[in-house]
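Comments concern the structure below.
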Amino acid sequence: MTLSTWSGACHCGAVRFAFQAPSLRAFACNCSLCHQRGAIWVGCADAHFQLLGGNDALSTYAFGTHTATHYFCRRCGAAPFSHPRLAPAHWVVNLRCVDGVDLATLEIHPFDGQHWEDAARAWLQAQAMASAVR
Ligand SMILES: [Zn+2]
């Protein structure tokens, strides 16, 4: 599996990061937070994520079950990545903060975060089926 590298930053540039993924499988969550932020996410393994700068500018937000950790820049407010509730040891990166991504060219898959338990079950089943086929 070939991995490509993408990089990005928050709006003010204090927080910089890079990550590797086989492709940009984008999804949009409709939970109360993602709805307000308009985030478009792509997942990546912890080993494939690098914070390149701005650790001191980052703050975190948690709500609901407090399983997820949502990072944002204290200076500009942009929210470039989170540890998602679905896989808190991994990352989701907000494609709106990634350099050179044309969201209009990506298929954006819905994740029904408003009904998180059902959506998570369906997502995990789809993952299991996909890895069985692979
Ligand atoms: Zn910033």
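Brief remarks on what is shown
- Computed per residue of the chain from DSSP H runs no shorter than four, each worth -39500 (n - 2.57), the mean residue ellipticity at 222 nm is -5500 deg cm²/dmol.
- The gain in end-to-end length when the Thr65 to Leu3 segment is fully stretched comes to 19.1 nm, 0.36 nm per residue minus the alpha carbon separation.
- Here the 3J(HN,Hα) profile of region 91-101, calculated from phi with Karplus coefficients 6.51, -1.76 and 1.60 at θ = phi - 60°, is 10, 10, 10, 7, 4, 5, 9, 9, 5, x, 9 Hz, Gly and Pro shown as x.
- Longest to shortest principal axis, alpha-carbon extents of region 91-134, angstrom: 32, 30, 20
- Fluctuation leader among Phe49, Phe63, Phe111 - the chain, Gaussian network, Cα springs under 10 angstrom: Phe63
- Among beta bridges that DSSP assigns inside region 26-133, antiparallel share in %, nearest 5: 80 percent
- Cα gyration tensor shape for the chain, rounded if a/c is under 1.5, else prolate or oblate: oblate
- Computed about its Cα centre, the charge dipole of the chain is approximately 180 debye, with only Lys, Arg, Asp and Glu carrying charge at their Cβ.
- In terms of its C-alpha gyration tensor, region 64-123 comes out oblate, because a/c is 1.5 or above while a/b does not outweigh b/c.
- Put simply, the amide H of Ile40, placed in the peptide plane, has neighbours under 5 Å in Leu95, Arg96, leaving out anything fewer than 5 places away on its chain.
- Positive contributions from Lys and Arg (+1) and negative ones from Asp and Glu (-1), summed over other residues with Cβ under 10 Å from the Cβ of Ser7, come out at 0.
Read-outs: derived from the displayed coordinates by stated rules, not from any lab. Since the structure is predicted, the reported quantities are computational estimates derived from the model, not experimental observations. Here the Cβ is made from the backbone with ideal geometry for all residues, glycine too, and neighbour counts use every protein chain on show.
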